[in-house]
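K.L.:
Take this structure, written in structure tokens, and hold onto it; I'll ask about it next.
The values are calculated or read from the model by the stated rules, or taken from the named source; none is laboratory data. Everything quoted here is computed from the prediction, not taken from an experiment. Cβ sites come from the backbone with ideal geometry, for glycine too, and all protein chains shown count toward neighbours. Each accessible area value is taken on the protein alone, full model and side chains, heavy atoms only, with ligands, DNA and RNA left out. Shrake-Rupley method; radii C 1.70, N 1.55, O 1.52, S 1.80 Å.
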Amino acid sequence: MSTTMTKEMLVKAIKPMDDLAIATDMLLSAKSAVRTYAIALTETATPRVRKVLKAQLDTAIDTHQKIADYMIKNEMYHPYNIDEQVEHDLEKSDTALKLANSN
């Protein structure tokens, strides 16, 4: 296989994985924000601070939902079908291994 072909394969394989990596990172960050705001909300005693934290929690939940919906729509995430999700994860792992072994 020529070097040019390997680079083309790499570009084709990496592009969708970039989108997946970004979306996954955003989803995990949103989940973390939900947990953090929920904990902070239970620890505060000030009604005014509680109101602000509740608003932030609602925003974090909405953000998480939007990211999850995007990932589901683009077949990056299969939360309602474990078999599909496992197959998806295995395909991505195989692609990563092929890329690592092609060097």
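K.L.:
Considering the dipole of the range 37-103 built from charges on the beta carbon (Lys and Arg +1, Asp and Glu -1) around the Cα centre, which of Thr95, Val52, Ala38 is farthest to its positive end?
P.N.:
Val52
K.L.:
Suppose the chain between Asp69 and Leu41 were pulled fully straight at 0.36 nm per residue; how much longer would it get relative to their current alpha carbon spacing?
P.N.:
Working: separation 28, 0.36 × 28 = 10.08 nm, distance 2.60 nm.
Gain on stretching Asp69 to Leu41: 7.5 nm.
K.L.:
Taking a 1.4 Å probe, which of Arg50, Arg35 shows the most accessible area, and what order do the others take after it? Spell out each step's value before the answer.
P.N.:
On the way: Arg50 95, Arg35 140 Å².
Accessible-area ranking of Arg50, Arg35, largest first: Arg35, Arg50.
K.L.:
Set the Förster distance to 22 Å, then compute FRET efficiency between Glu91 and Lys31 from the Cβ-Cβ distance, nearest 0.05.
P.N.:
Details: r = 23 Å, r/R0 = 1.06.
The computed FRET efficiency comes out at 0.40.
K.L.:
Related question: Subtract the Cα-Cα distance of Leu99 and Asp62 from 0.36 nm times their separation in residues, and report this length gain in nm to one decimal. Don't skip to the end; give the middle numbers.
P.N.:
Working: separation 37, 0.36 × 37 = 13.32 nm, distance 3.57 nm.
So the chain would gain 9.8 nm between Leu99 and Asp62.
K.L.:
Now a separate question. Per residue of the range 70-84, in order, report the coupling 6.51 cos²θ - 1.76 cosθ + 1.60 (Karplus, θ = phi - 60°) as ³J(HN,Hα) in whole Hz, putting x for Gly and Pro.
P.N.:
4, 5, 5, 4, 9, 6, 9, 8, 10, x, 9, 9, 4, 5, 5
K.L.:
What length, rounded to one decimal in nm, is gained on full extension from Val49 through to Asp19, with 0.36 nm per residue of separation minus their alpha-carbon distance?
P.N.:
Numbers: separation 30, 0.36 × 30 = 10.80 nm, distance 3.60 nm.
Taking Val49 through Asp19 to full extension adds about 7.2 nm, to one decimal.
K.L.:
Okay, moving on. Count charges around Asp25 for me, please; just the other residues with Cβ under 12 Å from its Cβ, Lys/Arg as +1, Asp/Glu as -1. Write down the numbers at each step before the final one.
P.N.:
Working: positive: Lys31; negative: Asp18, Asp19.
Charge balance in the 12 Å sphere: -1.
K.L.:
Compare Lys73, Lys92, Lys54 by solvent-accessible area with a 1.4 Å probe and give them largest first, with all protein chains kept in place.
P.N.:
Working: Lys73 165, Lys92 60, Lys54 95 Å².
My answer, sorted largest first, is Lys73, Lys54, Lys92.
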